[in-house]
Amino acid sequence: MALVNFTNLDFDQIKSSIKEYLRANSNFTDYDFEGSNLSTIIDVLAYNTYITSYNANMVSNEVFIDSATLRENVVSLARNIGYVPRSRTSAKANIAFSVNTTLLSTNPITLTLKKGLVCTSATSFGPESYTFSIQDDVTVPVVDGVASFNSVEVSEGT
Amino acid sequence: MPVERISQSFKDLSMSFQISPLNYDIIALKNETAIARSLRNLVSTLPGERFFNQNLGSNVSRALFDNINAISASVIRDEIENTIENYEPRVNLIGVDVSPDYDNNNFNVTIRYEIVGIDVLPQQLSFALQQTR
């Protein structure tokens, strides 16, 4: 006897299918009674089939961009056809400031702002203070004892 | 004309999964033995233990942790009776006796029943219920 349906996602229907198979192919008779050992084994088999079917169903859905629901899978499938979806970006700001080096004992030729944390926001944006960083070093020349950092783009985060 | 009697047999797997020396097949439980095993399974199954069948089983294990007395024995007897009447259609329950065994810290259970469908004498199943099995 051929199995009726391979794509069942309902536990009771899977269990019924196994019972139908046993009814036609086995000389054991107690599968209909919930207390029997055979019924316990059928329950385990049906549960295993149910979980496997569910997983197979989920996987086959996630393979196609039309039916995928997890974002990382949609992004992965979209990348295959040449589209990279945008994601959240941090807030950016342009800042300018100058450093007076005339009081230093030796006059530097250039001044470098190291990458990393640069400044924090005032609490006027809310109760929290946000930190801003730069990703690369910024070097500016010292002209007449003053190093001017103009339009340095800082990104929120560390 | 002789009276036609419909007799059915019951056949179940043995959970020992041992090989029968007679036919080299897995050992099977038949008729009275299969039903006795089924009753024992039902009594020792907790509700919620079986997949997608939250009500199957009995709550005797909960009562086993109460004080050993006649009240607990009565609760256990009711649980066993309800379970068998609801989930074992192959038997007609005659009675359930539960007596506390104070010295061994357990309950002695005796279930008396008739098997429906096969021509055998009324059966009796006895076992002890302890907190751990």
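The numbers here are math on the coordinates, done by the rules we state, and not lab data. Only a predicted model underlies this, so the values are computations on that prediction, with no experimental measurement involved. Virtual Cβ from ideal backbone geometry, glycine too; neighbours counted across all protein chains shown.
For the reader, a short list of remarks on this structure follows.
- Other protein chain Cβ atoms within 10 Å, averaged over every residue that makes up B:24-35: 2
- Stretch in chain B that is longest and holds no GluC sites (Glu not before Pro) that DSSP places in a loop and that have at most 15 other beta carbons within 10 Å: B:50-133
- Square roots of five times the Cα gyration tensor eigenvalues for segment A:1-112, Å: 68, 18, 10
- Radius 14 Å from Cβ of A:R86, net charge of other residues (Lys, Arg +1; Asp, Glu -1): +3
- In chain B, taking the dipole from charged Cβ atoms about the Cα centre, the farthest positive-side position among B:N104, B:A73, B:P89 is held by B:P89.
- Per-residue mean of foreign Cβ neighbours for A:36-49 is 5 (Cβ atoms of other chains, 10 Å radius).
- Taking a Cβ cut-off of under 13 Å around A:V138, the surrounding Lys, Arg, Asp and Glu residues balance to a net charge of -1, with basic ones at +1 and acidic ones at -1.
- Projecting the alpha carbon convex hull of segment A:61-149 along each direction and taking the average yields 10.1 nm².
- The Kirkwood hydrodynamic radius of segment B:1-113, based on inverse pair distances between different Cα atoms, is 16.2 Å.
- For segment B:9-133, averaging the sequence separation of C-alpha pairs within contact (under 8 Å, six or more residues apart) and dividing by the residue count gives a relative contact order of 17 percent.
- Cα gyration tensor shape of the protein assembly as shown, rounded if a/c is under 1.5, else prolate or oblate by comparing a/b with b/c: prolate
- Mean per-residue shielding of peptide A:10-19 is 1, counting Cβ atoms of other chains within 10 Å of each Cβ.
- Top positive-direction residue, dipole computed over the protein assembly as shown with Cβ charges, set B:Q131, B:L29, A:L111: A:L111
- Partner lysines whose Cα lies under 28 Å from the Cα of A:K19, excluding those fewer than 8 positions away in the same chain, are identified as B:K11, B:K30.
- Using C-alpha pairs below 8 Å separated by at least 6 residues, the relative contact order for segment B:87-133 is 34 percent.
- Among the trypsin sites (Lys or Arg not before Pro) in segment A:1-106, those placed in a DSSP loop whose Cβ has at most 14 other Cβ atoms within 10 Å are A:R86, A:R88.
- Across segment A:12-67, the relative contact order, built from alpha-carbon pairs under 8 Å that are at least six residues apart, equals 29 percent.
- Those lysines that a straight Cα-Cα span of less than 26 Å connects to A:K92, excepting residues fewer than 8 apart in one chain: A:K114, A:K115
- For GluC sites (Glu not before Pro), the sites in segment A:75-158 that DSSP calls loop and that have at most 12 other Cβ atoms within 10 Å are A:E128.
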